[in-house]
There are 2 protein chains.
Amino acid sequence: MCAPSVIEKVRQRISRRDLLKSTGVAAAGALAAGCQSTTKAKAAPATEPISFTQVVDLSHTLHPDFPAWFVPGVPHEGRFLPPAIVEVERVMKFEEVRLNLNKVSYWEHVGTHMDAPSHFSEGSTVEKIPAEDLVLPLAVIDIKAKAARDPLALLTLEDVKAWESKHGHIPERACLAMNSGWAHHVNTPKFKSLNADGKHQQPAFHIDAIEFIKEERNVVSIAVDTFSFDNLHSPESDVHYAWLGDERWGIEIVNNLDDVPAMGSTIVVGQPKIQGGSGGPNRVMALI
Amino acid sequence: MCAPSVIEKVRQRISRRDLLKSTGVAAAGALAAGCQSTTKAKAAPATEPISFTQVVDLSHTLHPDFPAWFVPGVPHEGRFLPPAIVEVERVMKFEEVRLNLNKVSYWEHVGTHMDAPSHFSEGSTVEKIPAEDLVLPLAVIDIKAKAARDPLALLTLEDVKAWESKHGHIPERACLAMNSGWAHHVNTPKFKSLNADGKHQQPAFHIDAIEFIKEERNVVSIAVDTFSFDNLHSPESDVHYAWLGDERWGIEIVNNLDDVPAMGSTIVVGQPKIQGGSGGPNRVMALI
């Protein structure tokens, strides 16, 4: 998703925290080990085998009318103008040359997609995220009830703690997903829920929940079924800066979270390995 | 990869075969069941759980100098002119607006990528392939020894039978991969192995092996570590028409097949779900 202009305070806060962290044992240990992981999550311990019998598709189909946080062809906050959600131009046609081939173009953060650390920092681009970080235990927190009442509902620290009281700690090296029910609205105006000022309204993570999972749990990725980790009503993008700016990544506009359990499945993030990417459309699946 | 002009005979042969097949019990059964699968492979039986402890990256990083079956900016067989392998234009810069975002463009069949049925037929595009068909038992046939001696080496029916004499039948609903060793050459001239006429030379599938796995085994996908399922020395693209034209799909330019066993791992094909795609860059991984 897109973001702010008034974020200097957030940036400064992150820089100070990173400076402190870089003197810590965990960071030094990771460097000493020559760890390739781009996340700050701790390395995987020797694990029990992961088993599954079922595959669930967590990606939406990306098409020219798919909703985005911008309107194609219209300047966004005076800053830029993506001409389209995605362009698929059939440059070779089976009926003419007996094969089909498209030219595909997109501005990266459309459809079900990754936000790499570099989207909101000078951190890693997509190709630097190792495959072993793309297959993770999936924890799903359901906030559908309050999101149905309030399009600005937030997944709070209390929601995390309530989830943990039922399921135990968020698993080591997890992907933590918010299920707000927004995936059901993806091809309706409800997905944007514009307010009187034309601003998007959508459920998102509360910054306190993010700080908790950063500091107290070993979470590799976050995921949301909305446009953005941040409540778009606020211009500060606190969650993006706090999470991506800490050399972490996440996924936005995830589908079908109703079809996976709160705990016990595995998420697979099929992120094309395009050099320099700050994120982009991908195929996300759950193994159950 | 790209293809022929003299393929009418192949097309006719495929059409006749499809006509015959459409009267068969398997095809009728699939239709009657309203099966969503885009492949002609039989549906998955109730399976034992699949287990893994390790993830191997089977995708190469896609960058502007990545080799392709065309030369950017140069007409290919007089027919078309892709301007670049991939273009990643940073349209928003962190140092200016405190976030990075790229415009990404490519002609689909570059890097590690899928060929959907529609690439060489009027069949299904990528978004029609269901997620359960993207997670498959992986069988790897190693032809590195003969490929090292001959860049036009083919994976033959005899190679399939020799593999089966060691490992048993190719598993139900498998992805069958050719490991020719070509992944090691990807950033060297050896990957194209141009002959005196400037034609690519590379290992590929023999059409007889393809006909065997179509008719006698239940194979969902094929995969190669080269540009193409077909030996590019021949202009007929028999394998593409026989396989993709039969409403099947595959993956080209796969990486790291040396790091997976001949039998027993699971391939995951993270194919972005872009409406109308004839294939395109993806993230492929193996679960071991």
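Every number in this text was worked out from the coordinates using simple rules, so none of it is lab data. Keep in mind that this is a model prediction, so the values were computed, not measured. Glycine also receives a Cβ, built like all others from the backbone with ideal geometry; neighbour counts cover every protein chain displayed.
Please report the net charge: other residues with Cβ closer than 13 Å to the Cβ of B:H167, K and R +1, D and E -1. Taking every Cβ under 13 Å from that of B:H167, the sum is 0.
Estimated at 0.36 nm per residue, the fully extended path between A:A162 and A:K199 surpasses their Cα-Cα distance by 10.3 nm.
Considering only alpha-carbon pairs that sit under 8 angstrom and 6 or more positions apart, the relative contact order computed for the range B:162-256 is 32 percent.
Using a 7 Å projection from Cα along Cα-to-Cβ, the label point at A:P130 is separated from the same position in the remaining copies by 3.5 nm, smallest value first.
Backbone amide hydrogens, once placed in the peptide plane, bring A:D142 within less than 5 Å of A:N179, excluding anything fewer than 5 places away on its chain. Over the range A:123-252, the reciprocal of the mean inverse Cα-Cα separation, the Kirkwood hydrodynamic radius, stands at 15.1 Å. Structural size metrics of the range B:46-145, computed from C-alpha coordinates, are Rg and Dmax of 18.7, 55 Å.
Shown here is the pair-distance distribution of the range A:149-220: with all Cα-Cα distances grouped in 5 Å bins from zero up to the longest one, the shares run 3, 14, 22, 21, 14, 13, 9, 3, 0 percent.
With a cut-off of 9 Å between beta carbons, the residues surrounding B:K103 carry a summed charge of -2, where Lys and Arg count +1 and Asp and Glu -1. Karplus-based coupling profile of the range B:194-209, in residue order and whole Hz: 4, 8, 4, 8, x, 8, 4, 10, 7, x, 6, 7, 7, 4, 5, 5, with θ = phi - 60° in 6.51 cos²θ - 1.76 cosθ + 1.60 and x standing for Gly or Pro.
For A:R90, the point set 7 Å out from Cα toward Cβ sits 3.7 nm from its twins in the other copies, listed from shortest up. Note on the range A:85-188: Cα-Cα pairs beyond 15 Å make up 77% of the total pair count.
The distance from the alpha carbon centre of the range A:125-144 to that of the range A:225-288 is 7 Å, rounded to a whole number. Scoring B:117-124, B:86-93, A:219-226 by mean Cβ neighbours within 10 Å over their residues and listing the highest first yields A:219-226, B:117-124, B:86-93. Distance between the modelled labels on B:A84 and B:T53, one decimal in nanometres: 4.4 nm (7 Å Cα→Cβ projection).
Pairwise Cα distances in the range A:121-166 exceed 17 Å in 57 percent of cases. A DSSP coil position with no more than 13 other Cβ atoms inside 10 Å describes the following trypsin sites (Lys or Arg not before Pro) in the range B:161-199: B:K199. Once you list every other residue whose beta carbon is under 11 Å from the beta carbon of A:D230, what net charge do they have if Lys and Arg are +1 and Asp and Glu are -1? Result for the local shell: -4.
Stokes-Einstein diffusion coefficient for the range B:175-263 at 25 °C in a medium of 0.890 mPa s, Rh from the Kirkwood formula over Cα pairs: what value in µm²/s? Answer from the Stokes-Einstein relation: 180 µm²/s.
When chain A is turned onto chain B, its residue with the beta carbon nearest the axis, and that distance in whole angstrom, is A:G270, 1. What separates the B:D258 label point from its copies, with the point 7 Å along Cα to Cβ, is 4.9 nm, written shortest first.
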